[in-house]
1. Take the cross-link list K58/K80; K62/K118; K87/K118; K92/K160 and give me the ones stretching past 29 Å between alpha-carbons.
2. Between D74 and W215, what is 0.36 nm times their sequence separation minus the Cα-Cα distance? Round to one decimal in nm.
3. Over segment 12-97, average the accessible area per residue using a 1.4 Å probe and give it in Å², no decimals.
4. Hey, can you find the accessible area per residue of segment 187-246 for me, probe 1.4 Å, expressed in square angstrom?
5. Provide the gained length on full extension for the span M175 to V254, in nm with one decimal, where the gain is 0.36 nm per separating residue minus the Cα-Cα distance.
6. FRET efficiency for N158 and L230, Cβ-Cβ distance as r, R0 = 41 Å, nearest 0.05?
7. Hey, what do the phi angles of segment 136-144 turn into as Karplus ³J(HN,Hα) couplings, whole Hz, using 6.51/-1.76/1.60 and θ = phi - 60°, x for Gly and Pro?
8. Quick check: pseudo-label points 7 Å beyond the Cα along Cα→Cβ at E116 and N241, how many nm apart are they?
Amino acid sequence: MAENKKISSVSFFNSRFTSIVSISLVLFLLGLIFLIGLLGNSLGVYVKENISFSIVLKDNQKESDIKAIQKSLDQLPYIKSTEYISKEQAAKELEEELGENPETFLGFNPLQASIEVKLHSEYANPDSLIFIEKQIKEYTSVSDLLYRKDMMQMVNDNMKRLGIILLGLAAILIMISFVLISNTIRLLIYSKRFLIHTMKLVGATSGFIRRPFIWYNVVSGIMASFLAILMITGALYYLQNELNGFIYLIDIEVLLLVYGVMLFLGIFLSVIATFFAVNKYLRMGVDKLYYI
(Lines give C-alpha, C1' and ligand atoms only; values in the text may rest on other atoms or scores of the structure.)
Protein backbone atom coordinates (compact mmCIF):
# COMPACT_ATOMS: atom_id res chain seq x y z
CA MET A 1 0.00 0.00 0.00
CA ALA A 2 2.80 2.39 0.97
CA GLU A 3 4.63 1.47 -2.24
CA ASN A 4 1.54 2.25 -4.35
CA LYS A 5 1.07 5.57 -2.55
CA LYS A 6 4.70 6.46 -3.20
CA ILE A 7 4.38 5.60 -6.91
CA SER A 8 1.17 7.66 -7.09
CA SER A 9 2.88 10.65 -5.48
CA VAL A 10 5.83 10.43 -7.89
CA SER A 11 3.45 10.15 -10.85
CA PHE A 12 1.48 13.18 -9.59
CA PHE A 13 4.67 15.21 -9.16
CA ASN A 14 5.95 14.24 -12.63
CA SER A 15 2.67 15.13 -14.34
CA ARG A 16 2.48 18.49 -12.57
CA PHE A 17 6.11 19.26 -13.27
CA THR A 18 5.65 18.40 -16.95
CA SER A 19 2.55 20.59 -17.09
CA ILE A 20 4.33 23.57 -15.48
CA VAL A 21 7.37 23.25 -17.78
CA SER A 22 5.17 22.95 -20.89
CA ILE A 23 3.10 26.01 -19.98
CA SER A 24 6.20 28.03 -19.01
CA LEU A 25 7.87 27.35 -22.38
CA VAL A 26 4.77 28.59 -24.19
CA LEU A 27 4.61 31.70 -21.96
CA PHE A 28 8.33 32.29 -22.52
CA LEU A 29 7.77 32.44 -26.30
CA LEU A 30 4.79 34.75 -25.82
CA GLY A 31 6.83 36.97 -23.51
CA LEU A 32 9.63 37.17 -26.07
CA ILE A 33 7.19 38.26 -28.79
CA PHE A 34 5.69 40.98 -26.57
CA LEU A 35 9.14 42.13 -25.45
CA ILE A 36 10.44 42.27 -29.02
CA GLY A 37 7.36 44.27 -30.02
CA LEU A 38 7.80 46.78 -27.20
CA LEU A 39 11.57 46.95 -27.74
CA GLY A 40 10.97 47.46 -31.46
CA ASN A 41 8.76 50.43 -30.62
CA SER A 42 11.40 51.86 -28.25
CA LEU A 43 14.11 51.27 -30.84
CA GLY A 44 11.94 52.97 -33.47
CA VAL A 45 11.54 56.02 -31.23
CA TYR A 46 15.30 56.06 -30.59
CA VAL A 47 16.12 55.85 -34.32
CA LYS A 48 13.58 58.52 -35.30
CA GLU A 49 14.81 60.93 -32.63
CA ASN A 50 18.41 60.50 -33.79
CA ILE A 51 17.76 61.24 -37.46
CA SER A 52 18.77 64.86 -37.80
CA PHE A 53 18.34 67.41 -40.56
CA SER A 54 20.31 70.57 -41.26
CA ILE A 55 19.01 74.11 -41.37
CA VAL A 56 21.55 75.88 -43.57
CA LEU A 57 22.02 79.53 -42.59
CA LYS A 58 22.79 82.44 -44.89
CA ASP A 59 26.32 83.87 -44.84
CA ASN A 60 27.41 86.73 -42.58
CA GLN A 61 24.84 86.07 -39.86
CA LYS A 62 25.49 87.72 -36.53
CA GLU A 63 26.12 85.50 -33.52
CA SER A 64 23.21 87.12 -31.66
CA ASP A 65 20.85 86.44 -34.59
CA ILE A 66 21.90 82.81 -34.76
CA LYS A 67 21.33 82.36 -31.01
CA ALA A 68 17.92 83.98 -31.33
CA ILE A 69 16.97 81.59 -34.15
CA GLN A 70 18.23 78.59 -32.16
CA LYS A 71 16.28 79.68 -29.07
CA SER A 72 13.16 80.15 -31.18
CA LEU A 73 13.58 76.67 -32.69
CA ASP A 74 14.04 75.07 -29.25
CA GLN A 75 10.62 76.39 -28.23
CA LEU A 76 8.81 74.70 -31.12
CA PRO A 77 6.79 71.65 -29.90
CA TYR A 78 8.10 69.24 -32.54
CA ILE A 79 11.82 69.94 -32.02
CA LYS A 80 13.67 67.82 -29.47
CA SER A 81 17.13 69.44 -29.67
CA THR A 82 19.28 71.76 -31.77
CA GLU A 83 23.02 72.14 -32.25
CA TYR A 84 24.74 75.07 -33.94
CA ILE A 85 27.61 74.14 -36.29
CA SER A 86 29.79 77.02 -37.44
CA LYS A 87 31.57 77.18 -40.82
CA GLU A 88 34.89 76.38 -39.13
CA GLN A 89 33.45 73.39 -37.27
CA ALA A 90 31.84 72.09 -40.47
CA ALA A 91 35.18 72.37 -42.29
CA LYS A 92 36.93 70.51 -39.48
CA GLU A 93 34.38 67.68 -39.60
CA LEU A 94 34.74 67.45 -43.38
CA GLU A 95 38.50 67.33 -43.01
CA GLU A 96 38.18 64.40 -40.59
CA GLU A 97 36.04 62.54 -43.14
CA LEU A 98 38.10 63.35 -46.27
CA GLY A 99 41.50 63.63 -44.65
CA GLU A 100 42.08 67.05 -46.24
CA ASN A 101 40.92 70.56 -45.47
CA PRO A 102 38.77 72.00 -48.32
CA GLU A 103 40.37 75.45 -47.78
CA THR A 104 43.76 74.02 -48.75
CA PHE A 105 42.88 73.43 -52.41
CA LEU A 106 39.98 75.90 -52.80
CA GLY A 107 41.54 78.83 -51.01
CA PHE A 108 38.33 79.53 -49.08
CA ASN A 109 35.80 77.73 -46.90
CA PRO A 110 32.85 76.73 -49.14
CA LEU A 111 30.71 75.47 -46.27
CA GLN A 112 27.92 77.35 -44.57
CA ALA A 113 26.97 77.52 -40.91
CA SER A 114 24.03 75.34 -39.99
CA ILE A 115 21.81 74.21 -37.14
CA GLU A 116 21.40 70.46 -36.70
CA VAL A 117 17.86 69.63 -35.58
CA LYS A 118 16.44 66.45 -34.05
CA LEU A 119 12.67 65.94 -33.87
CA HIS A 120 10.42 64.19 -31.40
CA SER A 121 9.61 60.72 -32.76
CA GLU A 122 5.93 61.42 -33.45
CA TYR A 123 6.93 64.20 -35.87
CA ALA A 124 9.73 62.29 -37.61
CA ASN A 125 7.73 61.32 -40.68
CA PRO A 126 7.52 62.71 -44.25
CA ASP A 127 4.04 64.23 -43.79
CA SER A 128 5.04 66.25 -40.72
CA LEU A 129 8.31 67.30 -42.36
CA ILE A 130 6.45 69.01 -45.19
CA PHE A 131 4.77 71.28 -42.65
CA ILE A 132 7.97 71.70 -40.59
CA GLU A 133 10.03 72.58 -43.69
CA LYS A 134 7.50 75.21 -44.74
CA GLN A 135 7.46 76.79 -41.26
CA ILE A 136 11.25 76.84 -40.83
CA LYS A 137 11.88 78.35 -44.27
CA GLU A 138 9.87 81.39 -43.17
CA TYR A 139 12.88 82.47 -41.09
CA THR A 140 14.74 85.16 -43.02
CA SER A 141 18.15 83.83 -41.94
CA VAL A 142 17.50 80.33 -43.35
CA SER A 143 19.05 79.52 -46.71
CA ASP A 144 17.96 75.91 -47.12
CA LEU A 145 16.81 72.83 -45.25
CA LEU A 146 18.54 69.50 -45.91
CA TYR A 147 17.27 66.09 -44.79
CA ARG A 148 17.03 62.49 -45.96
CA LYS A 149 13.37 62.12 -46.82
CA ASP A 150 13.92 58.60 -48.18
CA MET A 151 15.55 57.48 -44.91
CA MET A 152 12.67 58.76 -42.79
CA GLN A 153 10.18 57.09 -45.12
CA MET A 154 12.13 53.83 -44.92
CA VAL A 155 12.25 53.91 -41.10
CA ASN A 156 8.49 54.57 -40.85
CA ASP A 157 7.66 51.84 -43.40
CA ASN A 158 9.89 49.30 -41.63
CA MET A 159 8.37 50.11 -38.24
CA LYS A 160 4.83 49.64 -39.59
CA ARG A 161 5.84 46.39 -41.27
CA LEU A 162 7.51 45.12 -38.09
CA GLY A 163 4.43 46.02 -36.03
CA ILE A 164 2.10 44.07 -38.36
CA ILE A 165 4.41 41.04 -38.39
CA LEU A 166 4.76 40.98 -34.60
CA LEU A 167 1.02 41.45 -34.11
CA GLY A 168 0.35 38.53 -36.44
CA LEU A 169 2.95 36.37 -34.68
CA ALA A 170 1.48 37.23 -31.28
CA ALA A 171 -2.05 36.32 -32.44
CA ILE A 172 -0.88 33.00 -33.93
CA LEU A 173 1.23 32.21 -30.87
CA ILE A 174 -1.65 32.94 -28.48
CA MET A 175 -3.84 30.48 -30.41
CA ILE A 176 -1.07 27.86 -30.42
CA SER A 177 -0.48 28.54 -26.72
CA PHE A 178 -4.12 27.92 -25.91
CA VAL A 179 -4.10 24.63 -27.84
CA LEU A 180 -0.87 23.44 -26.18
CA ILE A 181 -1.96 24.48 -22.67
CA SER A 182 -5.41 22.99 -23.28
CA ASN A 183 -3.90 19.65 -24.37
CA THR A 184 -1.51 19.63 -21.41
CA ILE A 185 -4.31 20.28 -18.92
CA ARG A 186 -6.64 17.84 -20.67
CA LEU A 187 -4.06 15.08 -20.19
CA LEU A 188 -3.92 15.91 -16.48
CA ILE A 189 -7.72 15.84 -16.12
CA TYR A 190 -8.01 12.68 -18.26
CA SER A 191 -6.80 10.53 -15.35
CA LYS A 192 -9.55 12.04 -13.17
CA ARG A 193 -12.42 11.42 -15.60
CA PHE A 194 -13.93 8.60 -13.53
CA LEU A 195 -13.66 10.72 -10.39
CA ILE A 196 -15.61 13.46 -12.19
CA HIS A 197 -18.29 10.90 -13.14
CA THR A 198 -18.48 9.62 -9.57
CA MET A 199 -18.94 13.16 -8.24
CA LYS A 200 -21.76 13.65 -10.75
CA LEU A 201 -23.45 10.47 -9.48
CA VAL A 202 -23.46 11.68 -5.87
CA GLY A 203 -25.12 14.93 -6.91
CA ALA A 204 -22.20 17.39 -7.09
CA THR A 205 -22.90 20.45 -9.23
CA SER A 206 -20.78 21.29 -12.28
CA GLY A 207 -19.36 24.35 -10.53
CA PHE A 208 -18.41 22.30 -7.46
CA ILE A 209 -16.64 19.71 -9.65
CA ARG A 210 -14.79 22.31 -11.71
CA ARG A 211 -13.60 24.41 -8.75
CA PRO A 212 -10.71 22.20 -7.45
CA PHE A 213 -9.43 21.57 -10.99
CA ILE A 214 -9.46 25.30 -11.76
CA TRP A 215 -7.65 26.21 -8.54
CA TYR A 216 -5.12 23.45 -9.14
CA ASN A 217 -4.32 24.76 -12.61
CA VAL A 218 -4.38 28.42 -11.48
CA VAL A 219 -1.52 27.53 -9.12
CA SER A 220 0.23 25.67 -11.96
CA GLY A 221 -0.28 28.69 -14.23
CA ILE A 222 1.23 31.03 -11.62
CA MET A 223 4.23 28.73 -11.13
CA ALA A 224 4.68 28.42 -14.90
CA SER A 225 4.47 32.21 -15.27
CA PHE A 226 7.20 32.79 -12.69
CA LEU A 227 9.36 30.14 -14.35
CA ALA A 228 8.84 31.86 -17.73
CA ILE A 229 9.67 35.24 -16.14
CA LEU A 230 12.93 33.78 -14.79
CA MET A 231 13.73 32.46 -18.28
CA ILE A 232 13.07 35.89 -19.85
CA THR A 233 15.23 37.56 -17.17
CA GLY A 234 18.01 35.05 -17.84
CA ALA A 235 17.80 35.69 -21.59
CA LEU A 236 18.02 39.46 -21.02
CA TYR A 237 21.01 38.99 -18.70
CA TYR A 238 22.74 36.91 -21.38
CA LEU A 239 22.03 39.52 -24.06
CA GLN A 240 23.38 42.27 -21.81
CA ASN A 241 26.65 40.35 -21.44
CA GLU A 242 26.87 39.79 -25.20
CA LEU A 243 25.65 43.24 -26.31
CA ASN A 244 27.01 45.93 -24.02
CA GLY A 245 24.46 48.69 -23.44
CA PHE A 246 21.52 46.50 -24.51
CA ILE A 247 19.89 46.93 -21.10
CA TYR A 248 19.53 50.68 -21.67
CA LEU A 249 17.03 50.00 -24.46
CA ILE A 250 14.68 48.37 -21.95
CA ASP A 251 12.46 50.54 -19.82
CA ILE A 252 11.72 48.98 -16.41
CA GLU A 253 8.03 49.84 -16.85
CA VAL A 254 8.00 47.99 -20.20
CA LEU A 255 9.65 44.96 -18.60
CA LEU A 256 7.17 44.94 -15.71
CA LEU A 257 4.32 45.21 -18.23
CA VAL A 258 5.62 42.14 -20.10
CA TYR A 259 5.95 40.24 -16.81
CA GLY A 260 2.41 41.24 -15.86
CA VAL A 261 1.03 40.09 -19.23
CA MET A 262 2.83 36.74 -18.87
CA LEU A 263 1.38 36.23 -15.38
CA PHE A 264 -2.11 37.16 -16.57
CA LEU A 265 -1.92 34.85 -19.59
CA GLY A 266 -0.56 32.00 -17.47
CA ILE A 267 -3.60 32.22 -15.18
CA PHE A 268 -6.19 33.14 -17.83
CA LEU A 269 -5.25 30.46 -20.38
CA SER A 270 -5.03 27.81 -17.63
CA VAL A 271 -8.50 28.72 -16.31
CA ILE A 272 -10.11 28.72 -19.77
CA ALA A 273 -8.40 25.45 -20.79
CA THR A 274 -9.42 23.78 -17.50
CA PHE A 275 -13.02 24.97 -17.86
CA PHE A 276 -13.38 23.41 -21.33
CA ALA A 277 -11.47 20.24 -20.42
CA VAL A 278 -13.63 19.52 -17.35
CA ASN A 279 -16.82 20.36 -19.26
CA LYS A 280 -15.88 17.74 -21.85
CA TYR A 281 -15.96 14.99 -19.22
CA LEU A 282 -18.99 16.45 -17.47
CA ARG A 283 -21.01 16.04 -20.67
CA MET A 284 -19.61 12.60 -21.49
CA GLY A 285 -21.54 9.43 -20.68
CA VAL A 286 -19.94 6.69 -18.61
CA ASP A 287 -19.79 4.28 -21.57
CA LYS A 288 -17.61 6.71 -23.56
CA LEU A 289 -15.16 7.18 -20.66
CA TYR A 290 -13.74 3.72 -21.32
CA TYR A 291 -13.04 4.34 -25.02
CA ILE A 292 -11.20 7.68 -25.00
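The values are calculated or read from the model by the stated rules, or taken from the named source; none is laboratory data. Quick caveat: nothing in here was measured; it's all calculated off a predicted structure. Here Cβ is always computed from backbone atoms with ideal geometry, including for glycine, and neighbour counts include all displayed protein chains. All accessible areas refer to the heavy atoms of the entire protein, side chains included, with ligands and DNA or RNA removed. Shrake-Rupley method; radii C 1.70, N 1.55, O 1.52, S 1.80 Å.
1. K92/K160
2. Working: separation 141, 0.36 × 141 = 50.76 nm, distance 5.73 nm.
The span from D74 to W215 would gain 45.0 nm if fully extended.
3. On the way: 4840 Å² over 86 residues.
About 56 Å² of surface per residue is accessible.
4. Value returned for segment 187-246: 60 Å² of accessible area per residue.
5. Working: separation 79, 0.36 × 79 = 28.44 nm, distance 2.35 nm.
Additional length available on full extension: 26.1 nm.
6. Efficiency, from the Cβ-Cβ distance: 0.80.
7. Values, residue by residue: 5, 5, 6, 5, 5, 7, 8, 8, 7 Hz.
8. That separation, rounded to one decimal, is 3.6 nm.
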